[in-house]
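First comes the structure, then the notes that go with it.
The values are calculated or read from the model by the stated rules, or taken from the named source; none is laboratory data. Quick caveat: nothing in here was measured; it's all calculated off a predicted structure. Counting neighbours? That spans all protein chains shown, and the Cβs are built from the backbone with ideal geometry, glycine included.
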Amino acid sequence: MGFAAAERLRALMAAGAGRMPVLAPGVWDGLSARLAIHAGAAALHASGGAIARAAGQPDLGILGLSEMEARIGEIVEGAGGAPVIADADTGYGGLLNLAHAVRRYARLGVAALHIEDQPFPKRCGLFEGVAVVAQAEMLARIRAARATVEQMGGGGPLIIARTDAVKPEGLDAAFARMRAYLAEGADIAFVEGLEDAAAMQTAGAALPGVPQLLNASMSAHGLPLPPERLAQLGFAIVIYPGDAQRAAIAAMDAAFRAVLRDGDGRSVADRMAPSALRDGVVGTAALMQAEAGWTEGGA
């Protein structure tokens, strides 16, 4: 399944090359995945931070592979064939753990996964105190991931190498690391911490001809460069890990406060999804119709 999904992602990137990146909203469960597809998303990002928060945990590398696998499985099913780019953090342990994670993600049908050069356990790249491992250690992670993909036939999932070296070491060091990661077998470059137009333009010049992924963590304040310009710089994918979940958290907070304050939800009713959307996005009518057909057919 991962092989076909990887090819679908490659096709999307090729179709927009130099013109428009693949825009992948961050999702965290089956419902958010289905809503993103309903809104028109062509690809999804299974955000480790969003999945952790959905489990009531911070983005500090607390969840293990099994917990992530359960949620990513929901997301792949909810995506309905659209490519899913999945967060694999640092691989959930050592090199053998990472190889195991790659195999499990491939069986789920993810199109691509990103692994990073933080120590284990990692923390959100936006937090203070982010550190990176020695370059040699990350190269070993990429070798393990690449070898595992090749052992499965070589078709996917795609390997996205993420470096968090911008904060602790600076842009030049981050680009040097990324060039080494690409030479070791990574398919796509993900330099975390490109927060302004100058850094994004520098990344385009530093990694020419390389498909890059941009974390649009700042998108609530507006992207420094429009997607079309990002595509010209070589950014093939833009992910939006937290936007939808932050909106959902605010909406739930308002709804909880309303019912506890007023005894009903009338003050937030205009922000509630209509029943048709709530039930339609999960395919309620189609399943009920199928059930009725099976029942009648067996009578």
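Please list, ordered by residue number, the helices (runs of 4 or more DSSP H) wholly in the stretch 162-264 having 2 or more residues that are in contact with a Ser or Thr (Cβ under 8 Å, 6 or more places away or on another chain) and surrounded by 14 or more Cβ atoms within 10 Å (Cβ to Cβ).
Hits in the stretch 162-264: 171-183, 243-262.
Test Asp89 against the criterion of being over 20 Å from Ala248 (Cβ atoms) and either outside any helix (DSSP H, G or I) or in contact with a helix residue (DSSP H, G or I) (Cβ under 7 Å, 6 or more places away or on another chain) (or both), and give yes or no.
Against the criterion (over 20 Å from Ala248 (Cβ atoms) and either outside any helix (DSSP H, G or I) or in contact with a helix residue (DSSP H, G or I) (Cβ under 7 Å, 6 or more places away or on another chain) (or both)), Asp89 qualifies.
Could you tell me whether any residue of the stretch 49-57 is in contact with a Lys or Arg (Cβ under 8 Å, 6 or more places away or on another chain), assigned to a helix (DSSP H, G or I) and under 17 Å from Pro241 (Cβ atoms)?
yes
Give me the pairs, please: first residue somewhere in the stretch 51-69 and under 15 Å from Phe120 (Cα atoms), second residue anywhere and of a type in the set (Val, Ile, Thr) and modelled with pLDDT of 95 or more, beta-carbon distance under 8 Å, and either six or more positions apart or on two chains.
As it stands, the answer is Leu63/Ile51, since those pairs meet every condition given.
Residues that are touching a residue at least 40 places away in the same chain (Cβ under 8 Å), among the hydrophobic types (A, V, I, L, M, F, W, C) and farther than 19 Å from Leu213 by Cβ: does the stretch 162-175 have at least one?
Within the stretch 162-175, none of the residues are touching a residue at least 40 places away in the same chain (Cβ under 8 Å), among the hydrophobic types (A, V, I, L, M, F, W, C) and farther than 19 Å from Leu213 by Cβ.
Find the residue count for the stretch 146-161, including only residues that are in contact with a strand residue (DSSP E or B) (Cβ under 8 Å, 6 or more places away or on another chain) and not in a loop (DSSP other than H, G, I, E, B).
Qualifying residue count for the region: 6.
If you take the residues in the stretch 250-276 that are in contact (Cβ under 8 Å) with a residue 12 or more places away in the chain and of a type in the set (A, V, I, L, M, F, W, C), which one is farthest from Ile75 (Cα to Cα)?
Only one residue fits best here, namely Val268.
In the stretch 36-48, which residue that is under 15 Å from the mean Cα position of the chain (by Cα) and surrounded by fewer than 24 Cβ atoms within 10 Å (Cβ to Cβ) is nearest to Val282 (Cα to Cα)?
By that ranking, first place goes to Ile37.
Criterion first (among the hydrophobic types (A, V, I, L, M, F, W, C), part of a helix (DSSP H, G or I) and closer than 19 Å to Arg143 by Cα) does Leu98 satisfy it?
Against the criterion (among the hydrophobic types (A, V, I, L, M, F, W, C), part of a helix (DSSP H, G or I) and closer than 19 Å to Arg143 by Cα), Leu98 qualifies.
Out of the residues in the stretch 127-170 that are under 18 Å from Leu9 (Cβ atoms) and of a type in the set (A, V, I, L, M, F, W, C), state the one that is modelled with the lowest pLDDT.
Met152
Looking at the stretch 17-30, is at least one residue assigned by TED's automatic domain parsing to the domain that holds Leu225, closer than 23 Å to Ala273 by Cα, over 11 Å from the mean Cα position of the chain (by Cα) and not in a strand (DSSP E or B)? Spell out the reasoning first.
Restricting attention to the stretch 17-30, the residues satisfying the condition of being assigned by TED's automatic domain parsing to the domain that holds Leu225 are 17-30.
Then keep just the ones that are closer than 23 Å to Ala273 by Cα; that gives 24-30.
Right, trim to over 11 Å from the mean Cα position of the chain (by Cα) and you get 29-30.
Next cut, not in a strand (DSSP E or B) only: 29-30.
There is at least one residue in the stretch 17-30 that is assigned by TED's automatic domain parsing to the domain that holds Leu225, closer than 23 Å to Ala273 by Cα, over 11 Å from the mean Cα position of the chain (by Cα) and not in a strand (DSSP E or B).
Please work out which one of (1) of a type in the set (A, V, I, L, M, F, W, C); (2) crowded, with 17+ Cβ neighbours inside 10 Å; (3) part of a loop (DSSP other than H, G, I, E, B) is the condition Ile62 fails and give its number.
Going through (1) of a type in the set (A, V, I, L, M, F, W, C); (2) crowded, with 17+ Cβ neighbours inside 10 Å; (3) part of a loop (DSSP other than H, G, I, E, B) one by one, Ile62 breaks only (2).
Yes or no: Ala147 among the small types (Gly, Ala, Ser), closer than 22 Å to Asp89 by Cβ, surrounded by fewer than 20 Cβ atoms within 10 Å (Cβ to Cβ) and in contact with a Gly (Cβ under 9 Å, 6 or more places away or on another chain)?
When the stated conditions are applied, Ala147 passes them.
Identify the residue in the stretch 86-101 that is crowded, with 24+ Cβ neighbours inside 10 Å and under 15 Å from the mean Cα position of the chain (by Cα) and, among all such residues, is farthest from Val166 (Cα to Cα).
Ala86
Quick one: which residue in Leu260, Leu225, Leu230 is more than 26 Å from Asp29 (Cα to Cα) and in contact with a Pro (Cβ under 9 Å, 6 or more places away or on another chain)?
Numbers: Leu260 fails: in contact with a Pro (Cβ under 9 Å, 6 or more places away or on another chain); Leu225 fails: in contact with a Pro (Cβ under 9 Å, 6 or more places away or on another chain).
Only one candidate passes the filter, namely Leu230.
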